[in-house]
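Written out below as structure tokens is the structure these notes cover.
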Amino acid sequence: MRMAALSAVVALAAAGCGSSSGDAGSSGGGDASGSGGSGSGGSTANSGSFVGTASNAAILVQWTRNGNQLTGELQQALLGSSDDQAQVSSQSQAFTGTISGSSVTLSLNQGLGSVTNLTGTMDGSELDLSYPGQNGGVITIPMQPGGPADFNADLTHLQGQADQANNEAAQAEAAHQRANQVSSDAQAAGLALETVQSAIQNASGTSSVAGDLQQMQKDVGQTQTDLQHVLGEEGNTDSATLCGDADTVSGDADTVQGDYDTIQGDQDSTGGDATNITASIKQLQQDQTVLDADRASDPADVPADAPTDAQISAAIKDAQGKIGGENGTIGGALSQARGMLNTANGYASKAQAACSAAGG
């Protein structure tokens, strides 16, 4: 399995490298843009050591020559990815081969009887290895005399590429997450604005106050009418009848008391409206603070339909005005209701005084 994997890596390593154009083989890879390595090491009459690079790989070929027969090892480092992370993997494989004049053939045993042949040409001290590319093309990687130290330097460069790619990916992911957070902040501010507007529209604590006051006025009028009836009975009827009518006046006053309690209930509803509106204002102000910070730090990520400060300020002003209006309405209604309750109780007191005067 290790030998088969190397074959795929070799084809990929050819991508983006060498003096010829074309894409890597079926295993994938980048565009041809690399160049052969150079440095220490090299060859003797009976040995050879060469290094080369591609945009995504570093390669070291070392052989020993016996006549026209070659034995050696091909080592390479490949820049790839795993679990969305760039990483560099290293592999090596023994080979046999031949050299005839300037022509070189390296035979990599893939196992199970399968052999991959790499061909090359010696051009002075340079070994030009050809790899099969995609779409039937061939890519040539120029390899210069060099040894393990040069290969390790190229390996370090590849690792730097991997680190850079991972850093860039991490930054891109952080930017993506930040953009999502800003969008979420804008959505929260929009919903908070709608909540304030709904709280204003749904505030109904004073909606029945006018009708309740009208009913109370009617009941006070009835109390007065019944009192006049009692006062007309003084000296003209027996005490039992007069006192019974006086109790009717007291009952009328109790009805007015009930009307007053109803208006106090309107006050409680108004207080509930104020609580809801105040809570919605507070949430909107908190979300506005977050959104304003986003506008300062990440203006490009703020959605175009995010609520503006002007819209938020206008909604808060309307909400505060609603609270003030309801408080003013219920305050005036309670003052008026207290006056009417006092009047009704005064009528009841007069009626009961007439009863007492009649001997009841």
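The values are calculated or read from the model by the stated rules, or taken from the named source; none is laboratory data. Quantities reported herein were computed from a predicted structural model and do not represent experimental measurements. Virtual Cβ from ideal backbone geometry, glycine too; neighbours counted across all protein chains shown.
Would you be able to say whether some residue in segment 156-164 is within 30 Å of residue 61 (Cα to Cα), crowded, with 21+ Cβ neighbours inside 10 Å and at pLDDT 95 or above? Scanning segment 156-164 turns up at least one residue that is within 30 Å of residue 61 (Cα to Cα), crowded, with 21+ Cβ neighbours inside 10 Å and at pLDDT 95 or above.
Do the conditions hold for residue 170, that is, is it touching a residue at least 12 places away in the same chain (Cβ under 8 Å), within 50 Å of the chain's Cα centre (by Cα) and not in a strand (DSSP E or B)? Break it down stepwise before answering.
Working: touching a residue at least 12 places away in the same chain (Cβ under 8 Å): no; within 50 Å of the chain's Cα centre (by Cα): yes; not in a strand (DSSP E or B): yes.
No.
Each residue in segment 202-232 was checked for being over 30 Å from residue 273 (Cα atoms) and out of contact with any Ser or Thr (no Cβ under 7 Å at 6 or more places or on another chain), and 11 of them qualify.
Applying the condition of being modelled with pLDDT under 95 and either within 60 Å of the chain's Cα centre (by Cα) or in a loop (DSSP other than H, G, I, E, B) (or both) to segment 211-235 and asking which residue is farthest from residue 246 (Cα to Cα) yields 235.
Checked against the criterion of being at pLDDT below 95, farther than 30 Å from residue 248 by Cβ and among the aliphatic types (A, V, I, L, M), the candidates 188, 192, 203 yield just one match: 203.
Please state which one of 262, 278 is β-branched (Val, Ile, Thr) and surrounded by fewer than 16 Cβ atoms within 10 Å (Cβ to Cβ). Break it down stepwise before answering.
Details: 262 fails: surrounded by fewer than 16 Cβ atoms within 10 Å (Cβ to Cβ).
Within the list 262, 278, the selection yields 278.
Can you give me the ranges of the strands (runs of 3 or more DSSP E) entirely in segment 14-129 with at least 3 residues that are among the hydroxyl-bearing types (Ser, Thr, Tyr), at pLDDT 90 or above and more than 24 Å from residue 165 (Cβ to Cβ)?
On the way: elements: 47-54, 57-66, 69-82, 85-100, 103-111, 114-123.
So the answer is 85-100, 103-111.
Selection of segment 131-153 for residues being at pLDDT below 95 and either part of a helix (DSSP H, G or I) or under 30 Å from residue 306 (Cα atoms) (or both) yields 134, 135, 136.
Residues are listed down the side, and each one gets a yes or a no for (1) of a type in the set (D, E, K, R); (2) modelled with pLDDT of 95 or more; (3) in a helix (DSSP H, G or I); (4) out of contact with any Asp or Glu (no Cβ under 6 Å at 6 or more places or on another chain):
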residue: 294; (1), (2), (3), (4): yes, yes, yes, no
residue: 303; (1), (2), (3), (4): no, yes, no, yes
residue: 311; (1), (2), (3), (4): no, yes, yes, yes
residue: 333; (1), (2), (3), (4): no, yes, yes, yes
residue: 350; (1), (2), (3), (4): yes, yes, yes, yes
